[in-house]
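Accompanying notes for the structure given below.
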Amino acid sequence: MTVPTAELDFSNVTYLQPGEYAENIEMLQSIPEFSTGTFSVEGRERAEKFKTGRTYIIRDEQGVMVSSASTTAENSQSAMIVGVGTRPGYGKKGYATHCMLKLCQDLLDEGKSICLFYDNPAAGRIYKRIGFEDIGFWTMVRYEEGK
């Protein structure tokens with residue numbers, strides 16, 4: 001994957017800071033697809049402490065956090081992209097694409113392999129547009145004891 005970023009200005013894409021964790025979780029939970037997600041300040045703190053994840057955000061001209069993209073399961077060789085989303089009412093302006101391009105550029109610059117899973121066709125179009133390719137279909141099954 002080659003990220004076409006030479007001509008892009010990433011000055012509006014920033015690394016999520018500890019004081020922004022709660023705001024980022026609120027933004028993600030406002031997205032219907034993520035409303036039941038298990039995002040937490042503690043999870044963000046653990047990811048930062050152990051360097052197993054990172055998040056990049058974009059704010060609009062009024063300072064509203066409108067989009068973010070994160071990694072999880074990050075290690076010295078690879079990272080999985082998760083939680084790519086845009087606040088309702090701010091879609092189709094390139095915010096998620098811009099977050100993804102900055103995140104991917106940094107990961108690739110560090111020599112890491114990148115993977116992601118998605119089931120949202122609109123998200124899939126973004127990922128394919130920036131160079132990701134489908135390699136198969138996966139299913140996640142959750143086992144709950146006693147059911």
How many residues of the range 8-37 are within 19 Å of Ile130 (Cβ to Cβ), out of contact with any helix residue (DSSP H, G or I) (no Cβ under 6 Å at 6 or more places or on another chain) and hydrophobic (A, V, I, L, M, F, W, C)? The answer is 1
Among residues of the range 76-111 being acidic (Asp, Glu) and part of a helix (DSSP H, G or I), the residue most open to solvent (accessible area, probe 1.4 Å) is Asp109
If we keep only residues of the range 119-133 that are at pLDDT 85 or above and part of a loop (DSSP other than H, G, I, E, B), then the residue least open to solvent (accessible area, probe 1.4 Å) is Ile130
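If I filter the range 52-70 down to residues being part of a strand (DSSP E or B) and not aliphatic (A, V, I, L, M), which single residue comes out as most open to solvent (accessible area, probe 1.4 Å)? Give the derivation first.
Narrowing the range 52-70 to residues part of a strand (DSSP E or B): 55-59, 65-70.
Retained after the next criterion (residues that are not aliphatic (A, V, I, L, M)): 55-56, 59, 67-68, 70.
On the way: Thr55: 9, Tyr56: 15, Arg59: 70, Ser67: 0, Ser68: 0, Ser70: 3 Å².
Per the criteria, the residue is Arg59.
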Per the list (1) at pLDDT 95 or above; (2) closer than 20 Å to Gly53 by Cα; (3) of a type in the set (Ser, Thr, Tyr), residue check on Thr97 breaks on (1)
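Identify the residue in the range 11-51 that is part of a loop (DSSP other than H, G, I, E, B) and farther than 23 Å from Asp119 by Cα and, among all such residues, is least open to solvent (accessible area, probe 1.4 Å). Give the steps one after another, and end with the answer.
Residues of the range 11-51 that are part of a loop (DSSP other than H, G, I, E, B), as a first pass: 11-12, 16-17, 30-31, 35-40, 51.
Among the residues that remain, those that are also farther than 23 Å from Asp119 by Cα are: 11-12, 16-17, 51.
On the way: Ser11: 92, Asn12: 65, Leu16: 6, Gln17: 94, Lys51: 128 Å².
If we take residues in the range 11-51 being part of a loop (DSSP other than H, G, I, E, B) and farther than 23 Å from Asp119 by Cα, then Leu16 is least open to solvent (accessible area, probe 1.4 Å).
The values are calculated or read from the model by the stated rules, or taken from the named source; none is laboratory data. From a predicted model like this one, the values you see are computed outputs, not experimental measurements. Quick reminder, even Gly has a Cβ in these numbers, built from the backbone with ideal geometry, and neighbours come from all protein chains shown. Note: accessible area is taken over every heavy atom of the protein model, side chains too, but ligands, DNA and RNA are not part of it. Shrake-Rupley method; radii C 1.70, N 1.55, O 1.52, S 1.80 Å.
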